[in-house]
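Here the structure comes first, spelled out in C-alpha cells, and everything after it is commentary.
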Amino acid sequence: VARDAAYRAALAALRLDDAHRAALHARGLDDASIDANGYRTLPGGGREALVDALVRAAAGRAAEGIPGASRAGEAWSSDAIPGLLIPVRDFDGRIVALRLRPDGAPDGSRDAYLTGRSEGAAAVAHVPLAARAGRGRRLVLALGELTADVATALSGHPVAGLPRASSWALALDLVAAWGAPDVAVAFGGAARSEPDVATAQVRLVDALRAAGATVSTWAWDARWKGLDELLCAVRRGEVAP
C-alpha cells in the first residue's frame, strides 16, 4: 500500500511529453488509454521531482523501502535515467513498480525497473487496468508490461504481461486467482527466434497444464516479436487477422 501511494505521488509530479504520447499512439493506444494507464516522462533534469514525491509520500526515512530512491547523507537521489515510465500493476490494480524505457535505446532492449535492477522492485505479472474487467474470461499471457497494455486495448482480450520469459512462474498464481476457464500463452514471435524464450514457453505451458488449466499457445511469424506488434500489423492490414 505504501509503495502504491508513493509511486502514484511520483507520477502525479510528472507529465507525459508529446514525443512519448506520439510513440504510444504509434503503438496503438488512444489518449483515453494512455491517460488511464498513467504513463509519464522522466526527463533528464526532472529526477529531483520524482524523488521528492517518493520521499513525501513515504514519510521521509520510510522511503528507504521504496525502490527508485536512495539516501546519500540527508539528500535523496534516484539512479533512473531519462525515458518513459510505465506503471506495473498487480492483480489488485496497485502500482508495485515503475518500468523505465530509456530514451534512445533500441525498442525494449534496455528496459529496467526504476531502481536500474529488478531486485529492488516487486516482480509480478502485470495486469493492465483495462484487463481487470475481463476477469473470469480467457487470460492471455504475453511478455512485457507495455505489450500487455497495448494488446489488451487492441485485442479486446485481457492480456497480462510477464517482465521477462525467465519469470514465467509468476503467471501460475495469477492464473489461479484469475479463475479463467482457459489460458493462452502468447510469447509468439520471440519464441520462434529466441531459444530461451521458447524453453520458457514450454515450461510455462507444462506447469499450467499440470495445475489443471486448459492451455493453448498463440504462434506467429518472427517478424513481429511481441503480441502488440502483431496486433498493430493486423490493424495496418499487413497480416490477416
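The values are calculated or read from the model by the stated rules, or taken from the named source; none is laboratory data. Owing to the predicted nature of the structure, the values given are computational and were not obtained by experimental measurement. Using ideal geometry, Cβ is built from the backbone for each residue, glycine included, and neighbour counts are taken over all protein chains shown. Areas reflect the complete protein model, heavy atoms only, side chains present, ligands, DNA and RNA absent. Shrake-Rupley method; radii C 1.70, N 1.55, O 1.52, S 1.80 Å.
With all protein chains in place and ligands, DNA and RNA left out, the 1.4 Å accessible area ranks His157, His126 as His157, His126, largest first. Think of a 1.4 Å ball rolled over the protein heavy atoms: the range 148-241 then has 46 Å² of accessible area per residue. Fully extending the segment from Ser167 to Ile81 would add 28.5 nm, taking 0.36 nm per residue of separation and subtracting the current Cα-Cα distance.
For a modelled paramagnetic label at Thr199, 7 Å from Cα along Cα-to-Cβ, the residues of the range 171-187 in reach, with backbone nitrogen under 18 Å, are 187. Each residue of the range 201-217 was assigned a 3J(HN,Hα) from its phi angle through the Karplus curve 6.51 cos²θ - 1.76 cosθ + 1.60 (θ = phi - 60°); the sequence is 4, 4, 5, 5, 4, 4, 5, 5, 5, 5, 7, x, 7, 8, 10, 10, 10 Hz, with glycine and proline shown as x. Residue-normalised convex hull volume from the C-alpha trace of the range 146-200: 89 Å³ per residue.
The apolar share of the surface of the range 140-241, taken as the fraction of accessible area on carbon and sulfur atoms (1.4 Å probe, ligands and nucleic acids excluded), comes to 52 percent. Rounded to whole numbers, the Karplus 3J(HN,Hα) couplings from phi for the range 219-233 are 10, 7, 4, 5, 4, 10, 5, x, 4, 5, 5, 4, 5, 5, 5 Hz, using 6.51 cos²θ - 1.76 cosθ + 1.60 with θ = phi - 60°, and x at Gly and Pro. A Förster distance of 41 Å, applied to the separation of the beta-carbon atoms of Trp218 and Ala5, puts the FRET efficiency at 0.65. Quick check: net charge around Ala169, other residues with Cβ under 15 Å of its Cβ, Lys/Arg +1 and Asp/Glu -1? Around Ala169, the surrounding residues sum to 0. Applied to the range 16-27, the Karplus parametrisation 6.51 cos²θ - 1.76 cosθ + 1.60 on θ = phi - 60° returns per-residue 3J(HN,Hα) values of 9, 7, 5, 5, 5, 4, 5, 5, 5, 4, 5, 7 Hz, with x for Gly and Pro.
Taking amide hydrogens as placed 1.01 Å from N in the peptide plane, the amide H of Thr217 sits under 5 Å from those of Val185, each at least 5 positions away in sequence or on another chain.
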